[in-house]
Amino acid sequence: MKKIFLLTLAGMASLQLSAQNIDKIITREYTDLLIKTLSSDEMQGRATFTPGIDKAATFIESEFKKIGLQPLAGEKGFRQAFYKYQVASESKSIKIDGKEIAAENVIISGINAENITLDKSNTAVVKLDPEKPFVNQFRAMMSAGKNQVVLVDAKFAENFKRYKSYFDKPVTIDEKDMSTPNVQVFVLGTNDAADFNVALKSKVSKMPLFNVAGMIPGKSKAKELVVFSGHYDHLGALKTVDGDSIANGADDDASGTTAMIALAKYYKAKKNNERTLIFVAFTAEEIGGFGAKYFSSKLNPDEVVAMFNIEMIGKDSKFGKNTAFITGYDKSDFGKILQKNLAGTAFTFHPDPYTEQNLFYRSDNATLAALGVPAHTISTDQIDVDKFYHTVKDEYSTLDVENILSTVKAIAKSATSIIDGTDTPTRIPKLK
């Protein structure tokens, strides 16, 4: 009995020491430094292809260097560079039955060349059903895989206007998409098109992108990988509100990027990872998840044991203090492992309460998850009521930094048995 008592005391002392260590490594001052810098006006909203995102990448690189991370295998530095093509519209003419259609009544998606001409010889005419929801039909047309002129009933004018501001911006595409016809010309308020002619002129530019990634090599299980991630891009400048046009993206996703960097610092100090740990700040999440897709293409998914993708942890979740949710909770035992490691603490993980939003396949975990990796996103955002989401008001002042701290520390503790090789989450069924 005396021996058991002494072992119990030793265990309690170890837990207390661990708590003290994490509190010294992941501090309020450190997280404040990270998130304030990433969401500052100086970063200009971190839009892809802007000087602001380059500044953010340079800052993350400097933190990785201070922490003592190594570049990924095969990389000379922390920037994992690749290229995409940016297509910016220069002019467009849409005539239906000899009448020029006003620009405000046109949405165009899928432009993939400098000059495109559409007519009855190469393009079909279809209509949206005014009795069915707009969004589902709109998304279906986007993936049609062929050129179409889409006639949109005036009933959908409000939805149309909301989407138009997004599609008027330059788009980013893969090289393979440049030879695939899939141009969708949505025309509002026109019910028939016996004849039509569409002439589109655009500028196509090859543009560099870069993830920022580093690693801590593992020991006995170095070939087995555990990924911690967050996306560091955001929206850049939006319509001015109260004199402010910078969408700072403090919660989305400077909070998740801050968590990823803080976890790198913690695990580097602990020096107890049997598996190799990869820490990555993804680019271009907001315009198509291109950073995560490229990163995933450079890995063997069978070697990735788990992925902790962290997205928007700057406010209390709907479950209250010291809680977060995990997307795709039912698809593997990842969440159960995390919760087991938090036994005896005040923090709890919950299944995603917003399944209708399809968050599991809307963030940077999706590509690896589709390949069978137990790749999940951890978040606290009440996305159904978050009035700051994708606005210029997503600033540091709107965040609960204590919520960020408690969530980061919970992730650090809950991942322990995965990084030391004790637990291996079950695989997710691959998407066909």
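Read-outs throughout are calculated quantities, based only on the coordinates presented, and are distinct from any laboratory measurement. None of the values given here were measured: they were computed from a predicted structure. Positions of Cβ are backbone-derived with ideal geometry, glycine not excepted, and every protein chain shown enters the neighbour counts.
Have a look at I246, G236, L225 and report the one farthest towards the positive end of the charge dipole of the range 214-282, computed about the Cα centre with Cβ charges (Lys/Arg +1, Asp/Glu -1).
So the residue we want is L225.
Taking the Cα centre of the range 85-206 as origin, work out the dipole magnitude from +1 charges on Lys and Arg Cβ and -1 charges on Asp and Glu Cβ, in debye rounded to 20.
240 debye
Mind giving me the nanometre distance, one decimal, between the label points for M207 and Q70, set 7 Å out from Cα along Cα→Cβ?
About 3.5 nm, to one decimal.
Would you please state which residues of the range 193-226 a label at D119 would reach in this model, taking the label point 7 Å out along Cα→Cβ and a backbone N cut-off of under 20 Å?
Within reach of a label on D119: 193-202.
May I ask for the angle, rounded to the nearest 10°, between helix 401-414 and the longest principal axis of the chain, with both axes built from Cα atoms and the value confined to 0 to 90°?
So the helix axis and the longest Cα principal axis differ by about 70 degrees.
If the limit is 23 Å between Cα atoms, which of K84/K169; K223/K409; K336/K413 go over it? List each step's numbers first, then the result.
Details: K84/K169 16 Å; K223/K409 26 Å; K336/K413 13 Å.
Exceeds cut-off: K223/K409.
How much of the DSSP bridge set in the range 85-206 is antiparallel, in percent, rounded to the nearest 5?
Details: 24 of 33 bridges.
Antiparallel bridges make up about 75 percent of those DSSP assigns within the range 85-206.
Rank by packing, highest mean first: peptides 307-314, 237-244, 152-159, with packing defined as the count of other Cβ atoms within 10 Å averaged across residues.
Highest mean packing first, the order is 307-314, 152-159, 237-244.
Suppose R0 equals 56 Å; then what is the FRET efficiency for K161 and K219 from their Cβ-Cβ distance, rounded to the nearest 0.05?
Approximately 0.50, to the nearest 0.05.
Going toward the positive end of the dipole of the chain, with +1 on Lys and Arg Cβ and -1 on Asp and Glu Cβ, which of V150, Q70, F282 do you reach last?
Towards the positive end, the residue furthest out is Q70.
Considering only DSSP beta bridges where both residues belong to the chain, give the percentage that are antiparallel (nearest 5).
On the way: 42 of 73 bridges.
The antiparallel proportion sits near 60 percent.
Among the DSSP beta bridges whose two residues both lie in the range 281-422, what percent are antiparallel, rounded to the nearest 5?
Here the antiparallel bridges make up roughly 25 percent for the range 281-422.
Place a point 7 Å from the Cα of D54 along the Cα-to-Cβ direction; which residues of the range 253-288 have their backbone N under 18 Å from it?
Inside the label zone: 283-284.
Under a point-charge model restricted to the Cβ atoms of Lys and Arg (+1) and Asp and Glu (-1), what is the dipole moment magnitude of the chain relative to its Cα centre, in debye to the nearest 20?
1480 debye
Need the C-alpha centroid separation for the range 230-277 versus the range 153-171, integer Å.
If we compute the Cα centre of each part, the gap is 30 Å.
Considering the dipole of the chain built from charges on the beta carbon (Lys and Arg +1, Asp and Glu -1) around the Cα centre, which of G344, Y85, S109 is farthest to its positive end?
Ranked along the dipole, the leading option is G344.
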